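What follows is a single structure, written as structure tokens, with notes after it.
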Amino acid sequence: GQELTADLFVDCTGFKSLLLDKSIKEPFTSYEDMLPNNKAWATRLPYKDKEKELEPYTNCTAINNGWVWNIPLWSRLGTGYVYSDKYITKEDALKEFKQHLQSDKMTVSRTKEEIEDLEFKDISIRVGMHERTFVGNVVAIGLSAGFIEPLESNGLYTVHQFLFELIRALSRGIPTEWDKSAYNFTTKKMFDEFAEFVAMHYSLSR
């Protein structure tokens, strides 16, 4: 219930996009035509053999209807299956994911019993970007601006680059409409290129 006033608001409220999407209602452009994946199953996987499984990189493995990420953290593995619900039901996708976790595609496979003890989270993904990310005195950065499936972990780089573009816009003083338009053009072009880069993985890979 508190009302705040400021010269500039940075919307970093994640997928909720409370300012740009919910308050300003800036239109959202979907990338669904080239990146159809819109769902993910995710789980936390306890280490079974930490010495083997704690690898210094993220592993992405293609399976029937999408791909599985495997991210070694210090305390556990983060893993999930990205797919499109246009081509497979979430129930069948979960079965595929569980089968993958039991397969030799994992550094160390799990038993069926070990898999059934895990908690799986169903995630909906909106792939695309708002038409403008700098509107009025609101700048959306991160997931509140847009999202591309994390095949190339572009999210962190996007945050970094958008911040640099914002610094550039603010370095001239109070941003004019030209500054905002230049910022929006640059960030949109950048995001479009990221989306095309990820889409190339599907069109060129076997």
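Suppose each label sits 7 Å from its Cα in the direction of the beta carbon; what would the residue 192-residue 156 distance come out to in nanometres?
2.8 nm
Below 8 Å between Cα atoms, with a sequence gap of 6+, how large is the relative contact order for the stretch 78-152 in percent?
Worked out over the stretch 78-152, it gives 20 percent.
Once you have the Cα-Cα distance between residue 87 and residue 12, take 0.36 nm times their residue separation minus that, and quote the gain in nm to one decimal.
Separation in residues times 0.36 nm, less the Cα-Cα distance, equals 23.8 nm.
Suppose a student asked you for the relative contact order of the stretch 111-157, using Cα pairs under 8 Å spaced at least 6 residues apart; what percent would you report?
31 percent
With everything on Cα atoms, drop me the angle between helix 154-170 and the longest principal axis of the chain, reported from 0 to 90° to the nearest 10.
Roughly 10 degrees between the two axes.
Which entry is the computed Rg and Dmax of the Cα atoms in Å for this structure: (1) 17.6, 52; (2) 16.8, 51; (3) 19.6, 61?
Recomputing Rg and Dmax of the Cα atoms in Å here picks out (3).
What whole-number value in Å² describes the accessible area per residue of the stretch 117-206 for a 1.4 Å probe?
58 Å²
For the chain, set up a Gaussian network in which alpha carbons nearer than 10 Å are linked by springs, and say which option among 57, 157, 87 fluctuates the most.
The residue that fluctuates most here is 57.
If I stretch the segment between residue 52 and residue 34 completely, what's the gain in nm (0.36 nm per residue apart, minus their alpha carbon distance), one decimal?
Between residue 52 and residue 34, full extension yields an extra 2.9 nm.
Report the gain in length on full extension from residue 108 to residue 24: 0.36 nm times residue separation, minus Cα-Cα distance, nm rounded to one decimal.
Computed gain between residue 108 and residue 24 is 25.5 nm.
With the Cα gyration tensor of the stretch 1-57 in hand, give its eigenvalues times 5 under a square root as the equivalent ellipsoid semi-axes, listed largest first in whole angstrom.
Computed over the stretch 1-57, the values are 37, 21, 11 Å.
Round to the nearest 10 and give me the degree value, 0 to 90, for the angle of helix 177-204's Cα axis relative to the longest principal axis of the chain.
20 degrees
The values are calculated or read from the model by the stated rules, or taken from the named source; none is laboratory data. These numbers come from a predicted model, not from an experiment. Cβ sites come from the backbone with ideal geometry, for glycine too, and all protein chains shown count toward neighbours. For the accessible areas, the whole protein counts, side chains as well, though only heavy atoms, and no ligand, DNA or RNA atoms are used. Shrake-Rupley method; radii C 1.70, N 1.55, O 1.52, S 1.80 Å.
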